[in-house]
Amino acid sequence: MSSTALSVNLNKIALIRNSREGNYPDVVKHGQICLAAGADGLTVHPRPDQRHIRPHDVYALSELTRNHAGIEFNIEGNPFAEPLGSYPGFIKLVTDTLPDQCTLVPDSNDQLTSDHGFDLHKSGKQLAPIIQQLQDLGVRVSLFMDPNPEQIELAKNLGANRIELYTGPFAAAYPNDERDAVFQRYFDAAVFAQNIGIGLNAGHDLNLDNLEYFRQVPGLLEVSIGHALTVDALHMGLTNAVHAYKDLCQKTVAQK
């Protein structure tokens, strides 16, 4: 199996910074460390409440990644998030910075974290012009989705370039007896995505214990990992943590 790109989500670094005044830890410097350690890209998920990544981080990290050939910048978030205070709105952040990829996520302001994919029966019509707008600007568009073939086909019909499978349920089941049954849903969804020609990313609660197993899904182009990698960095160091995840992303894994 070919390698999978590793995009490091910097939200938790920003969350630590925001617990004090000032710019410590510096999110951009930590992004530089991740890139120097071999990360293939950086991910941010700005929210209107600015609980972690703030607008100035998005602009600064966009500049950082532009100065590194072959590195991708991924902005994820709710496309319907409107301006709030100094938050200029999600789509403005994206159109101002023109990331390589924009991952659209159906999270609400009061969610602790993203916890489900789009229901495109409900939101497809609203998403269609946004997808087209971003693609016209040269931005690859990915939709955050559950492992549901019917919904994945709707994503393809809307013109999305990729989907990002929400892997929270897989991670929760991984230590338990239902692991294989839950994983099979993701495997089948990945096969379906591959058959209809839509690219496949994945993310949420993937870690050093479960990532190698999950990489058995076919056609996995990219994983976005932040929370677990940041926790591992507390005892391994950030550079070593990125190395460990990158090794798993490059490791040859036998397909099911």
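The values are calculated or read from the model by the stated rules, or taken from the named source; none is laboratory data. Since the model is a prediction, treat every value here as computed from it, not as a measurement. In this analysis, Cβ positions are derived from the backbone assuming ideal geometry, glycine residues included, and neighbour counts consider all displayed protein chains.
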Candidates LEU200, LEU206 - the one that is over 20 Å from TYR174 (Cα atoms), in contact with a helix residue (DSSP H, G or I) (Cβ under 9 Å, 6 or more places away or on another chain) and free of Cβ contacts under 8 Å to residues at least 60 places away in the same chain: LEU200
Of the criteria (1) at positive phi; (2) touching a residue at least 40 places away in the same chain (Cβ under 8 Å), which one GLY159 fails: (2)
Residue match in region 80-101 (condition: within 30 Å of GLN255 (Cβ to Cβ), part of a strand (DSSP E or B) and touching a Ser or Thr at 6+ places or on another chain (Cβ under 8 Å)): yes
Residue satisfying condition, being of a type in the set (Gly, Ala, Ser) and surrounded by fewer than 20 Cβ atoms within 10 Å (Cβ to Cβ), within set GLY159, GLY77, GLY117: GLY159
Options VAL253, VAL217: the member that is more than 15 Å from the chain's Cα centre (by Cα), crowded, with 16+ Cβ neighbours inside 10 Å and modelled with pLDDT under 95: VAL253
Selected residue (only one of TYR87, TYR59 is over 21 Å from MET236 (Cβ atoms), out of contact with any Cys (no Cβ under 8 Å at 6 or more places or on another chain) and surrounded by 14 or more Cβ atoms within 10 Å (Cβ to Cβ)): TYR87
Single match in ALA181, ALA189, ALA233, ALA172 (criterion: over 22 Å from GLN151 (Cβ atoms), among the aliphatic types (A, V, I, L, M) and in a helix (DSSP H, G or I)): ALA233
Candidates ALA69, ALA81, ALA60, ALA155 - the one that is within 15 Å of ASN201 (Cα to Cα) and not acidic (Asp, Glu): ALA155
Whichever residue in region 145-156 is of a type in the set (Asp, Glu) and in a helix (DSSP H, G or I) and, among such residues, is surrounded by the fewest Cβ atoms within 10 Å (Cβ to Cβ): GLU150
Region 1-51, residues that are touching a residue at least 40 places away in the same chain (Cβ under 8 Å), in a helix (DSSP H, G or I) and of a type in the set (Gly, Ala, Ser): ALA14, ALA36
Residue match in region 125-144 (condition: modelled with pLDDT under 95, crowded, with 17+ Cβ neighbours inside 10 Å and either over 16 Å from ALA193 (Cα atoms) or among the β-branched types (Val, Ile, Thr) (or both)): no
Matching residues, region 63-79, being assigned to a helix (DSSP H, G or I) and of a type outside the set (Ser, Thr, Tyr): GLU63, LEU64, ARG66
Among the candidates GLY41, GLY77, GLY22, residue that is modelled with pLDDT of 95 or more and more than 18 Å from the chain's Cα centre (by Cα): GLY22
Test: residue in region 116-129 that is touching a strand residue (DSSP E or B) at 6+ places or on another chain (Cβ under 9 Å), of a type in the set (S, T, N, Q) and in contact (Cβ under 8 Å) with a residue 12 or more places away in the chain: no
